[in-house]
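Undergrad: Provided herewith is a single structure, encoded as structure tokens, for subsequent inquiry.
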Amino acid sequence: MEKWDVVVVGAGPGGSYAAKTAAEKGLKTVFFERGDKPGEKNSSGAGLGTRWWRDFPEIMGKLPELPSYRKADMIVIKVVDEENRVRLVHGTTGSDRDGSRWSNSLDKGMAGAAIYRLDLDPLIADMAVQAGAELRTSTLVSDVIMDGGIVTGVKTEKGEPIAAEVVIAADGGMSTMARKSGMRNRWGGGCTLVPQLDFGCDGDKLDAVVGNAEWCWFGPFNGAYQMNFAESFHLGAGKWLRPDWDTKPTEVLERVMEIPAFRKFCKVVDAEMREYQAHFLPWLKKPVKTYTGGMMLVGDAGGFPCPLDGEGIWHACMSGRIAAETAALAISKGDVSERVLAEYERRWKASPLGLEHRFGDEFVELWDHSIFDPEIMKGLIQLLLEFSEIHPFSILFDWSDDHVSCLNQHIEHMFDMVPEFSEFASKYMSPLGNTISPQVVRRALLQAKPKVPLLKLLSDDMYLKVLARLNRKLAARLDGV
Ligand SMILES: Cc1cc2nc3c(=O)[nH]c(=O)nc-3n(C[C@H](O)[C@H](O)[C@H](O)COP(=O)(O)OP(=O)(O)OC[C@H]3O[C@@H](n4cnc5c(N)ncnc54)[C@H](O)[C@@H]3O)c2cc1C
């Protein structure tokens with residue numbers, strides 16, 4: 001039987017990055033992909049934020065050479081009111097920044113990229129091959145081989161057995177490897193289906209209208225992302241897969257397509273809808289179980305996507321890297337038991353990946369009380385508009401760092417702006433702030449003074465009411481902090 005140090009299942013970002021790292025460590029590595037080429041089976045477009053420059057500069061540096069690449073310096077949030085009128089809130093910009101200036105530190109701002117998976121996945125897979133890993137495409141891995149409760153290899157669809165010291169399962173959210181090894185059956189809630197429309201358009205016109213920006217549409221109806229590429233864009237939205245789901249996934253997208261400004265945008269850039277895609281995504285509070293004897297799960301297979309926004313490609317590459325490093329350690333010790341592979345979980349928990357999941361409960365709670373509830377969404381829209389009035393260039397939508405750090409900054413800002421100003425802020429954001437960062441809440445409450453812009457937005461009568469309420473709440477809250 002063929003024998004490898006490391007067998008990786010799946011050549012998505014997680015699998016390819018794991019194969020690259022394992023090969024660079026001198027391990028004899030093979031990785032399998034069921035598609036004819038990496039990326040072929042993956043529908044997501046990839047929005048890659050600033051932290052990519054810190055963690056994967058070798059990938060970011062190569063992206064501009066690829067056909068679908070669009071630089072992303074800004075996130076433009078289109079806030080739509082109940083009459084379908086659009087208001088803008090935008091994030092910080094950094095058009096003169098490039099990777100070399102971003103690689104060593106994470107400054108504020110946005111310096112990311114948007115790229116098709118058909119470009120991104122082969123790029124990372126090629127890097128793994130360059131490092132010495134062997135890629136086998138058009139090969140579906142259908143089973144694991146087990147010996148005494150330890151995974152010792154895999155079997156391809158054709159029944160071919162492949163032995164391994166360590167298996168790294170990077171076979172996506174539906175992971176056959178996780179199920180066949182008995183690590184889990186179904187996810188048991190907290191997953192999403194992401195419907196997405198792919199539009200082709202005129203690249204020059206898109207340059208003129210969107211520049212280097214990603215767009216989001218937020219309205220009382222829900223929220224949707226618009227990811228812009230060289231000559232195309234995606235409109236997509238996710239929602240928990242739950243029995244009480246009473247709207248079809250496509251209904252959110254249809255609602256955005258009714259907004260006059262979106263229709264006008266499509267006309268101006270000569271947009272033509274090309275494809276409807278829908279893809280499963282685990283969107284959990286935190287990963288459940290990520291290792292067993294002889295095997296580790298990375299990326300979507302391990303349930304790693306960010307609990308705040310469902311972003312998962314950075315998480316796949318980070319977990320792939322950590323899994324391969326742990327495999328090298330276990331193989332060097334001659335012990336790949338569950339006890340030794342527990343090091344994988346210790347390492348990812350101690351990394352920025354772990355930080356992302358430390359507040360998974362709170363992030364999921366925030367979504368549960370916002371975007372998926374139309375009534376609360378109205379409150380969120382109000383809050384966004386208030387922020388834009390008070391502080392148009394705030395870092396509110398700056399996703400340059402780990403999401404928990406960003407959310408922390410957002411909360412700090414919110415308290416600077418007097419939390420009681422918005423019902424949504426005091427009801428849903430303040431408890432979140434108390435959990436994530438009690439010091440910030442305490443400091444902000446101690447310093448909270450109504451700011452001049454309040455006067456601009458509220459009638460005198462309303463302003464006095466807010467002040468009276470603020471004073472009462474401040475006194476009560478400070479007792480409890
Ligand atoms: C519509 C949509 C939009 C998204 N947008 C973004 C975004 O903008 N930014 C972001 O960071 N994240 C985004 N995500 C999340 C992101 O796509 C995933 O988190 C990420 O792709 C996970 O990478 P992975 O390598 O773990 O798994 P995958 O990308 O799912 O790759 C798994 C690979 O394994 C192969 N495979 C599966 N089973 C087998 C088998 N049995 N044998 C052999 N090969 C197999 C598959 O063909 C695939 O190539 C989005 C997700 C969706 C659904």
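Undergrad: Hand me the trypsin sites (Lys or Arg not before Pro) from segment 226-307 located in a DSSP loop with no more than 14 other Cβ atoms within 10 Å, in residue order please.
TA: In loop regions of segment 226-307 (DSSP not H, G, I, E or B), the sparsely surrounded trypsin sites (Lys or Arg not before Pro) are Lys289.
Undergrad: What length, rounded to one decimal in nm, is gained on full extension from Asp207 through to Ala131, with 0.36 nm per residue of separation minus their alpha-carbon distance? Please list the in-between numbers first.
TA: Values: separation 76, 0.36 × 76 = 27.36 nm, distance 3.61 nm.
Stretched out fully, the Asp207 to Ala131 stretch lengthens by 23.7 nm.
Undergrad: So, by mean Cβ neighbours within 10 angstrom, what's the order for 166-176, 194-204 with the highest one leading?
TA: On the way: 166-176: 26.1, 194-204: 18.9.
So the peptides 166-176, 194-204, ranked by packing, come out 166-176, 194-204.
Undergrad: Using the Cα atoms of segment 159-237 to build a convex hull, what is its mean projected area in square nanometres?
TA: Taking a quarter of the hull surface, the average projection is 9.6 nm².
Undergrad: What fraction, in whole percent, of alpha-carbon pairs in segment 250-291 exceed 12 Å separation?
TA: When all Cα pairs of segment 250-291 are counted, 75 percent exceed 12 Å.
Undergrad: For segment 281-342 and segment 139-193, what is the separation of their C-alpha centers, rounded to whole Å?
TA: 13 Å
Undergrad: How compact and how long is segment 206-332, expressed as Rg and Dmax of its alpha-carbon atoms in Å?
TA: Computed over the Cα atoms of segment 206-332, radius of gyration and Dmax are 18.9, 61 Å.
Undergrad: Now a separate question. Let me see the P(r) profile for segment 295-350: every Cα-Cα distance counted, bins of 5 Å, each bin given as a percent of all pairs.
TA: 4, 21, 29, 22, 13, 7, 3, 1
Where a number appears in this text, it was derived from the coordinates with a stated rule and is not lab data. None of the values given here were measured: they were computed from a predicted structure. Every residue, glycine among them, receives a Cβ derived from its backbone with ideal geometry; neighbour counts consider all protein chains shown.
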